[in-house]
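The values are calculated or read from the model by the stated rules, or taken from the named source; none is laboratory data. Since the model is a prediction, treat every value here as computed from it, not as a measurement. Because the Cβ atoms are built from the backbone with ideal geometry, glycine has one as well, and the counts that use them run over all protein chains shown. When the accessible area is computed, the model is the full protein with side chains, heavy atoms only, and any ligands, DNA or RNA have been set aside. Shrake-Rupley method; radii C 1.70, N 1.55, O 1.52, S 1.80 Å.
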Amino acid sequence: MAYEMTYICNPLNIEYKYQFIQMEGLRVNREAADPTLILFKDRYFLFPSMTAGFLVSDNLTDWEYHPLNGMPIYDYAPDVSVIGEYMYFTASNSEKNGSFYRTKDPIHGSFEEIEGTFPFWDPNLFVDDDGRVYFYWGCSNLKPIYGVELNSETMRPMSEPVELIFSNTSVIGYERNGENHIPPKSAEQIEQTLQNYKRMIPDVADEKLEELRIMLGNDPYIEGAWMDKHNGKYYLQYSSPGTQYNVYSDGVYVSDNPLGPFTLAKNNPYSFKPGGFIPGAGHGSTLQDRHGNWWHTSTMRISVNHMFERRLGLWPAGFDQDGELFCNQRYGDWPMKLEQAKLNPWENPQWMLLSYRKPTKASSFITGNEPAKATDENVQTWWKAATNSSGEFVEVDLLHACDVHAVQINFADDHRQLELPEGAEMHKSGHMPRYIDQRKHVTRWILEGSLDGDTYFVIEDKSQADSDLPHDLVVREEGVKARYIRCTVVELPFRQQACISGLRVFGIGNGEPPAQASGVKVEVFNGLDLSVAWDQDNAVGHNVLWGFAPDKLYHSYMVLGKNEAAIGALIKGEPLYIRVDSFNERGITEGEVIPVIAQNGKIIFS
C-alpha cells in the first residue's frame, strides 16, 4: 500500500509574523511560540503565540494560515482543546479574568465567549474520558503550576486551586537557569539589584525584598502546562527554565489522578534539544495523530533581536512499554520523512548534513557577517549582504559532487531601523507593548546547483513566490548531483539586506561512515552535571545520548566542531548510561553504551 510521503525540517516551514515591540526603543523580529497542536474534525490545528491566527493541515507538513478575527491575539500561549463538537480557546492574561471561547467551525464560524472568573497565564484545558474538565496554568519563578476542576458548562472552578509542580533545582538539574544551565547572574549582581531597589524604596518590607530576590535571581520559570492521559495515567507536562536559553525544555510528572499528587517521571526532561543548528524544545503540546503516532511540538530559540525571537519545532514522541513519555530529538533539526501511516519514532535520518563548515562565497558581505556564517550550523549568526539589491547570493562548495536530497534556507532578520507601519496601534502584551504586522510579505529566491562552478541548473525557482517562508525546505527525493549550491535572493520583506543564517544541504556524500568514538571519558559533578569528552576524530559531529537505562537513551546533545560536551540536565540519584554516536556525510556510527551511575547512586565509570 502506498502512503503519501512528505518531509519536514525544524524549525517548521510556516510564516512567522513580524512583531514591532516597544522595549528600550522599537525592536522588530519574527516570533511564534508556545504551540498548541490538536486534531479537530480530522484536521490538525496549530495555535502559536503572536501569530494573530492559526494554521490548519491535513498532513502535519503543509500548513494553511487563518486569521483569528475578534479574538485576544495579543494574549500569549493560546490553548485549544476539544469538548464534544466544540473547539475551546483561551489565552494568557494576568491582569483580568481570562475568558473561554468556543466554536464548532474555527475557519468559517464565530467564537462564543464564556466569561472567565479569574486571571491566569499559560493555560491548558483538559477533558477526561468521563467528560470532567480540568484546567492547569502557571508561569512564574515564584509560584507553582496550579490545577482545578471546572464546571463543564460555566467554566467556573469547582474548588480552590491545587498547587501541583514547584521547581526543585537541588535535585532536578535541567530546571537550573541559564545557557547550558550556567546561572546568568552572580550572587553579587543579584544583591546589587536588591540594594538599588532598597535605596529607592527604603521602607520596603523584608518579605517583599525576599520575593524580589527570587524574582530577580536565578530561579527558573516553571510554566507551560500540558496534560495527556495514557493507559489510565495522567502526564502533566511543564517547561523550564527560560525560553531564551538553549536548554529550554519540557519535563513531565505522572499521577493516577488529574489533580495529583504527581511524581516526577524517570525520563526527564522528555523534550530537550540543547545543541544543533537551532536549540530549544520547551513549552509545547503532545498529540496523537490519526494513525496512532505521537508528536510533540514546542518552542525553539533564536533570541538575537529580542529574547522572544522564537520558532516552532515538531518531533516524533511516544510512550514506551513502561509508560515513560519520550521525544526523539537526536537529529531534531534535520529533514525527516513523514508518512501518513504508523511510524518508527526512532528511525535515523535518511540524509546527512553536507554543508557544515564548507567553503562559502557571496556576492558581497558586511564585516562580521561573512559568508561562512551561513554554514556554521548556528541560527544566531548569519551572512549579510552589503546591499539590499535584488540578486545578492551566497554559495557553498561541498568540495565534491554529492547526491543532494534537501536544502533548508534559513533567513535571518537584522533590522537596524524600521518605523512602525502607518496607522499601527500598539497593544499591551504582558509588559511589552507590541504590534503584530499582518500585512502580506514575500520572500523570493532562486536555488541553483552546479558540478563545476561555471554551469548552473535551477533546483527551485521561487522568484515569483507569493509566500513569506523564512525557513523554507526544498526536497528532491530522487536526489541531484551537485558540488556547488547557490541561493540568489530576489526579494525580502521591508526591502532588507539578505541575511541567511543557514544554507543547509543534506544528502549522501563520499567515503565511508565514521569510526566509532573512542577514548570516552566521563565526569559527574554534584549529581547534576555531566562532562563527556572523547578522542578527536574526522567525524562531522557527534551525538551524546544518555538515559536512566541502557535501552532508554532518550536524551541527546548534538555537538559539532568539538570533542566534548557539558550536560547539566541530570536528576540527582537517578541511574545514568551514556553513548557517544558519530556521524559524517555517509552515515551514523553508534558508540558503546557506558554505565556511569549505578542504581544505588555509585559512580562506576570515569
Return the whole-Å distance between the Cα centroid of the stretch 9-62 and the Cα centroid of the stretch 76-96. 16
Expressed in whole Å with the largest first, what are the equivalent ellipsoid semi-axes of the stretch 259-355 derived from the C-alpha gyration tensor as the square root of 5 times each eigenvalue? 23, 20, 12
In Å², nearest 10: area of PHE111 left accessible to a 1.4 Å probe: 40
Just how much of ARG483 is accessible, in Å², when a 1.4 Å probe is used and the result is rounded to the nearest 10? 70
Could you bin all the Cα-Cα distances of the stretch 108-227 into 5 Å bins starting at 0 and give me the percent of pairs in each, rounded to whole numbers? 2, 9, 15, 16, 15, 12, 11, 9, 6, 4, 1, 0
Heavy-atom SASA rank of LYS462, LYS481, LYS185 (probe 1.4 Å, accessible area, largest first): LYS481, LYS185, LYS462
Could you grab the relative contact order for the stretch 485-586? Cα pairs under 8 Å, six or more apart, rounded to a whole percent. 31
Could you sort out which of LYS143/LYS342; LYS17/LYS96; LYS185/LYS428; LYS373/LYS602 sit more than 32 Å apart by Cα distance in this structure? LYS143/LYS342; LYS373/LYS602
In deg cm²/dmol, rounded to 500, what helix-only [θ] at 222 nm does the chain give when every DSSP H run of at least 4 residues adds -39500 (n - 2.57) and the total is split over its residues? -1000 deg cm²/dmol
List the pair-distance distribution P(r) of the stretch 310-380, using every Cα-Cα distance, as the percent of pairs falling in each 10 Å bin from 0 up to the bin containing the longest distance, rounded to whole percents. 15, 34, 27, 16, 7, 1
Relative frequency of Cα-Cα separations exceeding 20 Å in the stretch 40-188, percent: 56
Quick one: what do you get for the stretch 390-539 if you divide its Cα Rg by 2.2 N^0.38 Å? 1.46
Of the candidate values (1) 28.9, 101; (2) 27.8, 102; (3) 24.1, 76, the one computed for Rg and Dmax of the Cα atoms in Å from this structure is (3)
Per residue, the convex hull volume that the Cα atoms of the stretch 506-593 enclose (Å³): 92
The equivalent-ellipsoid semi-axes of the stretch 11-91, taken as the square roots of five times the Cα gyration tensor eigenvalues and listed largest first in whole Å, are 25, 15, 9
GluC sites (Glu not before Pro), restricted to the stretch 12-76: which are DSSP loop and have at most 14 other Cβ atoms within 10 Å? GLU24
Per residue and in Å³, how big is the convex hull formed by the alpha-carbon atoms of the stretch 71-117? 73
Using only alpha carbon pairs under 8 Å that are at least six residues apart, calculate the relative contact order of the chain and give it in whole percent. 13
When only C-alpha pairs under 8 Å and at least 6 residues apart count, what is the relative contact order of the stretch 1-122, in percent? 15
Average projected area [Cα convex hull, the stretch 1-48], square nanometres: 5.3
Centre separation in Å (Cα based) which lies between the stretch 503-566 and the stretch 381-417: 28
How large, in Å, is the stretch 451-571 by the Kirkwood hydrodynamic radius built from its alpha-carbon pairs? 18.9
Could you compute how much accessible surface ARG213 exposes when probed at 1.4 Å, giving the result in Å² to the nearest 10? 80
So how do PHE120, PHE365 rank on accessible area, 1.4 Å probe, biggest first, that is with the largest at the start? PHE365, PHE120
Could you tell me what a quarter of the Cα convex hull surface of the stretch 228-313 works out to, in nm² with one decimal place? 6.5
Projected onto the charge dipole of the stretch 295-334 (unit charges on the beta-carbon of Lys, Arg, Asp and Glu, signs +1, +1, -1, -1), the Cα from ASN328, TRP315, THR299 with the largest positive-side position is that of THR299
Separation between Cα centres of the stretch 207-227 and the stretch 461-496, rounded to whole Å: 43
